[in-house]
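Here the structure is laid out as structure tokens; the discussion comes afterwards.
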Amino acid sequence: GQVTVGPPGSGKTTYCNGMQQYLRLLGRNAWVVNLDPANERITQQERKMRAGEYKSNSEDSQGNEKKDNRVILPYETIFNVCDEIVNITSVMKETGLGPNGGLVYCMEYMETNIEAIMAKIQSRLVEQENPYLIFDLPGQVELFTNYTCVQNIMQKLQKNMDLRLTCVQLIDAHYCTDASKFLSATLLGTTTMIRLELPTISVLSKIDLLHSYGELDMALEFYTDCQDLERLVPFVDQSNKIMGIDEEDEFDIAKDEEYQQARRKRQSSSNLQRKFTKLHKALAEVVEDFGLLSFVAPLDISDAASVGRVLAKVDKCNGYVFTQEAANVQTSMFQCAVQHEVDYDALQEVKERVLEKPKSSNKTTA
């Protein structure tokens, strides 16, 4: 199975939905286990109202209007923690906690009641033939840096249910356009890998939107390899935030050579800028010293070939590739042995399709 992690907004739920559909097309019995108490989508009542199927005259025995508050997720779940154990809306309402505190409370409550969660999942797996599980986890940073509840939950699930899991870590490709954000994301990714102690596939998600975020400071291969990260430090520019200059003003003064010269001079002499640069050098050194992080071919969840490349890496990590028929085992083992960690042909295809074509189309329209 797979364990999906990543910062908020990196596309974890969308990935789980797309991967489940892809796996089922391949004939695998894929189910999603939603362990994110904050992953609450529209209710059944809201869905019916949007579809024009909701009847407002449905009432209970006391004359009160009935409300169907069942949560509808984009994927098909075999277990949904929001419905059966705890959800963040109820916790915030009853305890008065905020979103972050409420989520920590939920995860610690789940850790305390992990036996009940495993019992519910196992009772439903009995009815399934060769189930393939995809775990959808929350993305709040403090759950992986300051607490051990997620780590403990996954260890107990893996040990007691005899699961062979691979962690799929999603990092938004948007971070590649900002050196500071990318270095922070790599540090978080390394921390997550160390804390979860699972074989991990790191993926740059939402690559199809990368052209709309702006130009990259380095080639796309640089970001996937995650080597020599100190080369990004000169691109870390905090002066706009210090001076309070927004993106529109930045565009207006971009051609003012005198201003740009004065700006560079101020950056080189600014005490805050020197500290900021020193901080990011330290971040790059920490990530490089561990040497754990690199990204496979970037992911476009709407592209079947892109999803297939990620799945091939996952199957290699969790050993699924070795569970094929005996006639194909030797071939699969050989293919795994000679397979590169990064598919550079796929990277070139992504660059041509996502990065270069939008630029040429803009020039044509101009």
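For segment 98-203, count all C-alpha to C-alpha pairs, find those more than 23 Å apart, and express that count as a whole percent of the total.
Values: 2006 of 5565 pairs.
Taking all Cα-Cα pairs of segment 98-203, the fraction more than 23 Å apart is 36 percent.
Rounded, prolate or oblate: pick one for segment 182-234, where a ≥ b ≥ c are the square roots of the eigenvalues of its C-alpha gyration tensor, a/c under 1.5 means rounded, and failing that, prolate if a/b is larger than b/c, else oblate.
oblate
Run the simple label-point estimate for T145 and S294 please: 7 Å along Cα→C-beta, distance reported in nm.
2.6 nm
Under the classification rounded if a/c is under 1.5, otherwise prolate if a/b is larger than b/c and oblate if not, where does segment 118-166 fall, given a ≥ b ≥ c as square roots of the Cα gyration tensor eigenvalues?
Note, shape of segment 118-166 comes out prolate.
Take the alpha carbon atoms of segment 142-204, find their center, do the same for segment 1-22, and report the distance between the two centers in whole angstrom.
13 Å
Highest mean first, how do 164-176, 114-126 rank when packing is the count of other Cβ atoms within 10 Å averaged over residues?
Output ranking for 164-176, 114-126: 164-176, 114-126.
Amide H neighbours of T148 under 5 Å, counting only residues 5+ apart in sequence or on other chains, H built in-plane at 1.01 Å?
Under 5 Å from the amide H of T148: no residue qualifies.
In nm, what is the difference between 0.36 nm times the number of residues separating E215 and A116 and their Cα-Cα distance?
30.7 nm
All of the numbers you see were taken from the coordinates with simple rules; none came from a lab. Fair warning: this is a prediction, and the values are worked out from it, not measured in the lab. Note: ideal-geometry Cβ built from the backbone for every residue, glycine included; neighbour counts use all protein chains shown.
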